[in-house]
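The values are calculated or read from the model by the stated rules, or taken from the named source; none is laboratory data. All of these numbers come straight from a predicted model, not from anything done at the bench. Ligands, DNA and RNA are stripped out before the accessible areas are found, and what is left, the full protein with its side chains, is counted by its heavy atoms. Shrake-Rupley method; radii C 1.70, N 1.55, O 1.52, S 1.80 Å.
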Amino acid sequence: MSSDFEGYEQDFAVLTAEITSKIARVPRLPPDEKKQMVANVEKQLEEAKELLEQMDLEVREIPPQSRGMYSNRMRSYKQEMGKLETDFRAHLLDNTERLERSSRRLEAGYQIAVETEQIGQEMLENLSHDREKIQRARERLRETDANLGKSSRILTGMLRRIIQNRILLVILGIIVVITILMAITFSVRRH
């Protein structure tokens, strides 16, 4: 994924360099060449916008935790694109067209703000889900700890009973042995 993004970045850099060079030459061209150059620059600006859209799609494919660096780069490229368009139109357009472009840029800015808000909302929802998972895991851990405590007490009680039973068996065994020895001793004395 990042190799596609980097390829788009390289294409964008080359394209914007060409556009910048052509924009600087436009004012000095004769009218017939100027018209052709303007058409050419407009076409390249559209190509640059398409590259930005492709890059934006690539960034959206990146997991949210890794998206920050690419999002910052995208903002920078969008600003660069906006500057190119502004420079181009500053050489060519009259005030009415500039106002229309400004309004479009405001709409685009609004759209970016809406998208940013949506991304922020998604991140908050993800954090909320993660928080719930952590709380459930804590509860399970507490329950497990309580169960381990109960198990430990039960095992300790069982161990005491086993030791008591063994002591009783040893005592009974000693009593049986003493009884047998006494019986043998009494029977040998009688004969």
Under the helix-only model (-39500 (n - 2.57) for each DSSP H run of 4 or more, divided by the residues of the chain), the mean residue ellipticity at 222 nm, to 500 deg cm²/dmol, is -34500 deg cm²/dmol
Stretched fully, the stretch from Asp87 through Ser103 gains (0.36 nm per residue minus C-alpha distance, one decimal, in nm) 4.1 nm
Rounded to a whole %, the carbon-and-sulfur portion of the accessible area of the chain at a 1.4 Å probe is 57
Largest fluctuation, Asp11, Asp145, Asp87 only, Gaussian network model of the chain with Cα springs under 10 angstrom, belongs to Asp145
Computed over the range 94-164, protein heavy atoms only, probe 1.4 angstrom, the accessible area per residue in square angstrom equals 91
By the DSSP-based rule, helices of the chain that are at least 27 Å long along the axis (C-alpha) and have a mean Kyte score of at least -0.5 are 2-25, 95-190
GNM of the chain, Cα pairs under 10 angstrom: of Ile178, Ile19, Ile62, the biggest fluctuation goes to Ile178
With the 1.4 Å probe rolled over protein heavy atoms, the range 28-78 has an accessible area per residue in Å² of 67
Number of Lys pairs in the chain closer than 30 Å at Cα, excluding neighbours under 8 places apart unless interchain, is 19
